[in-house]
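The values are calculated or read from the model by the stated rules, or taken from the named source; none is laboratory data. Keep in mind it's a predicted model, so treat the numbers as computed, not measured. When we count neighbours, we look across all protein chains shown, and the Cβ atoms used for this are built from the backbone with ideal geometry, even at glycine. SASA here: full protein model, heavy atoms, side chains in, ligands and nucleic acids out. Shrake-Rupley method; radii C 1.70, N 1.55, O 1.52, S 1.80 Å.
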Amino acid sequence: QVQLVESGGGLVQAGGSLRLSCAASGRTFSTYHMGWFRQAPGKEREFVAAISWRGSNTYSANAVKGRFTISRDNAKNTVYLQMNSLKPEDTAVYYCAATRTLTTMYTRDYDYWGQGTQVTVSS
């Protein structure tokens, strides 16, 4: 089992940057593919980015491509989401998630979820 704790959210002006972190418990973190999702008020949870267990493959949603970067440090049991050029439409609660199935953009494929961290981008 994996427990995930996100941090790094906050309030930022449009055009600014934030780096989210997701710390995982347990010694098997390096065997999980990891993903970041977000959910804005009144909207469904949506895929942001994913990374394979070794970090050799990454995927990003079109809405964030070129602005957000996912990475991981298996020695620190942590996955990151670097967010640059933030826009008001990026405002949401951001969640990290873990799966052993494959590197995927679908919420149904993920087995473990964190509690989320709020990101608010002002215009």
Inset, instruction - Give the accessible surface of the range 12-123 per residue, rounded to a whole number of Å², with probe radius 1.4 Å and ligands, DNA and RNA excluded. - result: 52 Å²
Inset, instruction - Using a 1.4 Å probe over the heavy atoms of the protein chains, calculate the carbon and sulfur portion of the accessible area of the chain as a whole percent. - result: 45 percent
Legend entry - Interchain or long-range residues, amide H under 5 Å from residue 112's placed H: 98
Legend entry - All-pairs alpha carbon distance profile, the chain, 10 Å steps from 0, percent: 15, 51, 29, 5, 0
Inset, instruction - Run the 1.4 Å probe and let me know the accessible area of residue 17, rounded to the nearest 10 Å². - result: 60 Å²
Inset, instruction - Please check the chain for the longest run free of trypsin sites (Lys or Arg not before Pro) that are loop-located per DSSP (anything but H, G, I, E, B) and have at most 14 other Cβ atoms within 10 Å. - result: 1-26
Legend entry - Selection of GluC sites (Glu not before Pro), the range 1-52, meeting DSSP coil and at most 11 other Cβ within 10 Å: 44
Inset, instruction - Report, ordered by chain and residue number, the lysines lying within cross-link reach of residue 87, taken as a straight Cα distance under 29 Å and ignoring same-chain residues fewer than 8 apart. - result: 43, 65
Inset, instruction - Within the set of other residues whose C-beta is less than 13 Å from the C-beta of residue 17, count the net charge using Lys and Arg as +1 and Asp and Glu as -1. - result: +2
